[in-house]
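Enquirer: Below is one structure. I have some questions about it.
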Amino acid sequence: EKLFEGMQPVAATWVNPLNAYYTKDVPTYGYDPAKAKSLLTEAGWTPGPDGICRNAAGQRLSVEFATTSGNRLRELTQQVLQNQWKASCIDVTIKNEPPRTLFGETLKQRRYTGLIMYAWSSAVTESPRRTLHSSQIPTAATNWGGSNAIAFNNPQMDADIDKAETELDPAKAKAIWADMQKIYAEQVPVLPLFFRAEAHVIPKWLKGY
């Protein structure tokens, strides 16, 4: 609402609701600072005099947040999220880098220590192998090739991706995709934000677009 006036659909997984394989039967997590504080308290973090949580050893709950410097939209999104996390007694410090650095060593070699924000794109019903299959985790052995930079490694997700790529029955494929989305929403390897809406202008006579 603050940034996009409600025009960017909120995301629960990487699968857009316009996708034929989309399912809404996945866990969702609403904005609830009070519940967040409660969960942190259970984990041993309590608000200090500055409003930021501390553990029994006195360490502040502080994480770094990186994205591409100079990208105004991402920087504004960072500021909104930073304020929201502060309301839950989490200190977030912004540490942005030029795109070449962020998408090079920092992301591929997982040199970020806290949070990193960037965009994913994929074609409709495209397999999520390149971003979610464990075989695509960048490592020194592969010369840091691969796009699973979050290093998500889930055997069931791997098996689902393998099956989804060879399943020709639409109903069976949809069930496999539903399981992948459920794993994603439960494990939360990524905090999905929104689906980027893009305006397209086309002639009325163009059909099947």
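Enquirer: For Pro155, work out the one condition from (1) surrounded by 17 or more Cβ atoms within 10 Å (Cβ to Cβ); (2) more than 30 Å from Gln79 (Cβ to Cβ); (3) at pLDDT 95 or above; (4) more than 16 Å from the chain's Cα centre (by Cα) it doesn't fulfil.
Expert: (1)
Enquirer: Open to solvent by less than 60 Å² (accessible area, probe 1.4 Å), modelled with pLDDT of 95 or more and touching a Cys at 6+ places or on another chain (Cβ under 6 Å) - does that describe any residue in the range 8-25?
Expert: no
Enquirer: For the range 23-38, state whether one or more residues are of a type in the set (Ser, Thr, Tyr), out of contact with any helix residue (DSSP H, G or I) (no Cβ under 7 Å at 6 or more places or on another chain) and under 18 Å from Val124 (Cα atoms).
Expert: no
Enquirer: Inspect the range 111-126 for any residue being more than 30 Å from Lys35 (Cα to Cα), surrounded by fewer than 18 Cβ atoms within 10 Å (Cβ to Cβ) and at pLDDT 95 or above and give the result as yes or no.
Expert: Step one: list which residues in the range 111-126 are more than 30 Å from Lys35 (Cα to Cα), which gives 111, 121-126.
Pick out the ones that are also surrounded by fewer than 18 Cβ atoms within 10 Å (Cβ to Cβ) and you get 111, 121-126.
Among the residues that remain, those that are also at pLDDT 95 or above are: none.
Looking through the range 111-126, none of the residues is more than 30 Å from Lys35 (Cα to Cα), surrounded by fewer than 18 Cβ atoms within 10 Å (Cβ to Cβ) and at pLDDT 95 or above.
Enquirer: What pairs come up if the first residue lies in the range 188-205 and is more than 11 Å from Trp14 (Cα to Cα) and part of a loop (DSSP other than H, G, I, E, B), the second is open to solvent by 60 Å² or more (accessible area, probe 1.4 Å) and of a type in the set (A, V, I, L, M), and their beta carbons are under 9 Å apart, counting only those six or more places apart or on different chains?
Expert: Ala197/Met7
Enquirer: Here is a check on your reading of the model: is Thr131 part of a helix (DSSP H, G or I), polar (S, T, N, Q), over 23 Å from Asp179 (Cβ atoms) and open to solvent by less than 30 Å² (accessible area, probe 1.4 Å)?
Expert: no
Enquirer: Please state which one of Lys35, Lys108 is open to solvent by 60 Å² or more (accessible area, probe 1.4 Å), of a type outside the set (Phe, Trp, Tyr) and farther than 30 Å from Ala175 by Cα.
Expert: Lys35
Enquirer: Looking at the range 134-146 only, could you name the residues that are open to solvent by 50 Å² or more (accessible area, probe 1.4 Å) and modelled with pLDDT under 95?
Expert: Ala140, Ala141, Thr142, Asn143, Trp144
Enquirer: Out of the residues in the range 82-101 meeting the condition of being modelled with pLDDT of 95 or more and aliphatic (A, V, I, L, M), tell me which one is most open to solvent (accessible area, probe 1.4 Å).
Expert: Applying the filter and picking the extreme gives Ile94.
Enquirer: With Glu198, Glu167 as the choices, which residue is open to solvent by 50 Å² or more (accessible area, probe 1.4 Å) and either at pLDDT below 95 or within 16 Å of the chain's Cα centre (by Cα) (or both)? Lay out the reasoning, then the answer.
Expert: On the way: Glu167 fails: either at pLDDT below 95 or within 16 Å of the chain's Cα centre (by Cα) (or both).
Residue meeting the stated conditions: Glu198.
Enquirer: Ser69 is checked against (1) farther than 28 Å from Met180 by Cβ; (2) in contact with a Phe, Trp or Tyr (Cβ under 9 Å, 6 or more places away or on another chain); (3) open to solvent by less than 70 Å² (accessible area, probe 1.4 Å) and fails just one. What number does that condition carry?
Expert: (2)
Enquirer: Next question, about the same structure. Going through Ala178, Ala171, Ala185, Ala140 one at a time, which residue ends up being among the aliphatic types (A, V, I, L, M), more than 30 Å from Leu73 (Cα to Cα) and in contact (Cβ under 8 Å) with a residue 60 or more places away in the chain?
Expert: Ala178
The values are calculated or read from the model by the stated rules, or taken from the named source; none is laboratory data. All figures in this text were calculated on a predicted structure; none of them were measured in a lab. Quick reminder, even Gly has a Cβ in these numbers, built from the backbone with ideal geometry, and neighbours come from all protein chains shown. All accessible areas refer to the heavy atoms of the entire protein, side chains included, with ligands and DNA or RNA removed. Shrake-Rupley method; radii C 1.70, N 1.55, O 1.52, S 1.80 Å.
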